[in-house]
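Enquirer: Here's a structure for you.
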Amino acid sequence: MAYVDQAFSITDDDLMMDDYSFSITNRPPIKQIAFAVSLFVFGILVIVSGVFMSLYKVGGDHAHGVFFAILGLVMFIPGFYNTWVAYHAYKGYKLSSSSNDSPV
């Protein structure tokens, strides 16, 4: 017989609770939105500084600027996407999902 921890078992007493102590909060995820916006903004800044470094060979040779531009692009893409999703959710637009796609 397998070991069962009694702390995680469900009894009839657990199902018949009269204490509804949970609360539903409908607040926007502020930390995630701030992180997305910061990725978006810093991605743009790093792309611009990488292009500047590449054109004028600031901080080393041409490769350093290209590296910074690629790093900025890696920051910009998820920041832009998540900021776009948060903006459209704020505006109340219905976003596309895979369930709405037409069959191929």
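Enquirer: Would you be able to tell me the number of residues in the stretch 50-69 that are assigned to a helix (DSSP H, G or I) and surrounded by fewer than 13 Cβ atoms within 10 Å (Cβ to Cβ)?
Expert: 4
Enquirer: Determine if the stretch 77-92 includes at least one residue that is open to solvent by 50 Å² or more (accessible area, probe 1.4 Å), modelled with pLDDT of 95 or more and touching a Gly at 6+ places or on another chain (Cβ under 7 Å).
Expert: No.
Enquirer: Is there any pair with a first residue in the stretch 51-73 that is over 26 Å from residue 37 (Cα atoms) and a second that is in a helix (DSSP H, G or I) whose Cβ atoms are under 6 Å apart and which are 6 or more apart or on different chains, and what are they?
Expert: Between residues of the stretch 51-73 that are over 26 Å from residue 37 (Cα atoms) and residues that are in a helix (DSSP H, G or I), the close pairs are 59/53; 62/54.
The values are calculated or read from the model by the stated rules, or taken from the named source; none is laboratory data. Quantities reported herein were computed from a predicted structural model and do not represent experimental measurements. We place every Cβ from the backbone using ideal geometry, glycine too, and count neighbours over all the protein chains shown. Heads up: the accessible areas ignore ligands, DNA and RNA and are worked out on the full protein's heavy atoms, side chains in. Shrake-Rupley method; radii C 1.70, N 1.55, O 1.52, S 1.80 Å.
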